[in-house]
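Have a look at the structure below before the remarks.
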Amino acid sequence: MKTVSSLLDPEWHERYKRIAKLNIRSSIYDVTNRCNLRCRGCFFFSSGEHRAADEETDITAWEAFVDRETDRGVNLAILIGGEPTLCLDRVEVFYRRLPTFCATNGLIKVPRDRFPDLMVGISLWGDEADETLLRGKDTFAVSSRNYAGDPHAYYLYTITPRQIGKTEKIIRKVRDAGLKIHMQLLSNDEGVDGFFWKPGELVAIRHEMDGMLEKYPQTVISSRYYHEIITTGKMMGRTFGWQECPSVTEPLDTRTPQPKRLIHFIRWASDLSTMHRCCTSETRDCGTCKDGAAHMSWVMVNKRAHIQTPRDLQNWIEVYEMFAKLYQFIPW
């Protein structure tokens, strides 16, 4: 019988034990329906989720809600929006109660005297030209000034087909700002011309991502197996999609048979009662989803499938470690 201990040497077994005890249970929260940008391709606005619920404005209601979430067993709050930094009082409610991650465009600096170790993920959609086209401005010019050298911040680089051959320039800029970077791929929810992925482009960007990880291991937080999963949509002979996704809101999950999934995962709207379908968009075709966190979670919940060979299990460990680093459960 294949077991974890039989497949791993002592070094890898220690790495496995470090993450096996984490028991991460996350949920996602729309802090606000508002944003100070309107990005072409943002799933929140393209799917109409910003109109799904009216924002709760009573801070005591937020406090009671987060207390209920901690009682429900959540030990990682992932804050999205809209733009969470527009409502720092709501962010603080989470931060004072449980491990919290804040996704932001970086235009408003999280005050470190108030949030000294809040993990911040800063969205980045490419070079100056792509950012201006898709987001209306070069956000990096502002966010890099706000967060340069911050040990509790990193860039979430959403790569587009037009970034092939240009990723090194971006990664060098992030390195020079004293920050880390993690990569995912654009799902192009709004069908922007020229930003759909073609099979050959996915092969090319996988090769490029592998090269950036090898060349900048102190800056890039990633793994080759993750690159394979996100560019192919395949894992252990299975194909990512609705029947496989682990990040479906539990009370809304009527799939039969139910796949391996995140335990008690819910994505909450800003009224604190409405639930969204999944970790991304109500309207996204799951067959085209390239969300990085969803694919990481897909690997993570399928540990047993990776107890096959030493390399398979090492791949699983590397992806779990990557997730744990990005959400500050283990150090960089």
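Of the residues screened, Glu244 is one that is among the charged types (D, E, K, R), assigned to a loop (DSSP other than H, G, I, E, B) and either under 21 Å from Ile28 (Cα atoms) or modelled with pLDDT of 95 or more (or both). The conditions of being closer than 29 Å to Tyr95 by Cβ, surrounded by 16 or more Cβ atoms within 10 Å (Cβ to Cβ), within 19 Å of the chain's Cα centre (by Cα) and not aliphatic (A, V, I, L, M) are met by Lys180. Within the span defined as the range 251-258, every residue fails to be out of contact with any His (no Cβ under 6 Å at 6 or more places or on another chain), closer than 30 Å to Arg175 by Cβ, open to solvent by 10 Å² or more (accessible area, probe 1.4 Å) and in a loop (DSSP other than H, G, I, E, B).
The residues on offer are Ile266, Ile307, and the sole one that is touching a strand residue (DSSP E or B) at 6+ places or on another chain (Cβ under 7 Å) and either under 20 Å from Arg25 (Cβ atoms) or open to solvent by less than 40 Å² (accessible area, probe 1.4 Å) (or both) is Ile266. Would you confirm whether any residue within the range 176-183 is within 26 Å of Pro246 (Cα to Cα) and assigned to a helix (DSSP H, G or I)? No: zero hits. Pairs linking a residue in the range 132-147 that is open to solvent by less than 10 Å² (accessible area, probe 1.4 Å) to a residue that is basic (Lys, Arg) and at pLDDT below 90, with Cβ atoms under 9 Å and 6 or more positions apart or on different chains, are Leu134/Arg40. In the range 85-100, what residues are among the aromatic types (Phe, Trp, Tyr) and either part of a loop (DSSP other than H, G, I, E, B) or open to solvent by 10 Å² or more (accessible area, probe 1.4 Å) (or both)? The one that is among the aromatic types (Phe, Trp, Tyr) and either part of a loop (DSSP other than H, G, I, E, B) or open to solvent by 10 Å² or more (accessible area, probe 1.4 Å) (or both): Tyr95. In the range 301-332, the qualifying residues are those that are free of Cβ contacts under 8 Å to residues at least 24 places away in the same chain and not in a helix (DSSP H, G or I), and the one that is farthest from Lys180 (Cα to Cα) is Lys303. Of everything listed in (1) touching a residue at least 24 places away in the same chain (Cβ under 8 Å); (2) touching a helix residue (DSSP H, G or I) at 6+ places or on another chain (Cβ under 9 Å); (3) of a type outside the set (A, V, I, L, M, F, W, C), the single unmet condition for Arg96 is (1). Checking the structure you have, find out if any residue of the range 61-77 is over 26 Å from Cys289 (Cα atoms), touching a residue at least 40 places away in the same chain (Cβ under 8 Å), charged (D, E, K, R) and open to solvent by 40 Å² or more (accessible area, probe 1.4 Å). Yes.
Taken over the range 285-300, the criterion of being buried (at least 19 other Cβ atoms within 10 Å of the Cβ) and in a loop (DSSP other than H, G, I, E, B) is satisfied by Cys289, Lys290, Asp291. You will find that of Gly106, Gly82, Gly126, the residue that is open to solvent by less than 40 Å² (accessible area, probe 1.4 Å), part of a loop (DSSP other than H, G, I, E, B) and closer than 23 Å to Thr60 by Cα is Gly82 and no other. Between residues in the range 3-22 that are more than 19 Å from Ala305 (Cα to Cα) and residues that are open to solvent by less than 30 Å² (accessible area, probe 1.4 Å) and not in a helix (DSSP H, G or I), which pairs lie under 9 Å by C-beta distance while being six or more apart or on different chains? Every condition considered, the pairs that remain are Glu14/Leu8; Arg18/Ile330; Leu22/Ile330.
The values are calculated or read from the model by the stated rules, or taken from the named source; none is laboratory data. As the structure is a prediction and not an experimental result, all values here were calculated from the model. Glycine also receives a Cβ, built like all others from the backbone with ideal geometry; neighbour counts cover every protein chain displayed. The protein model used for the area step is the full one, side chains on, heavy atoms only, and it has no ligands, DNA or RNA in it. Shrake-Rupley method; radii C 1.70, N 1.55, O 1.52, S 1.80 Å.
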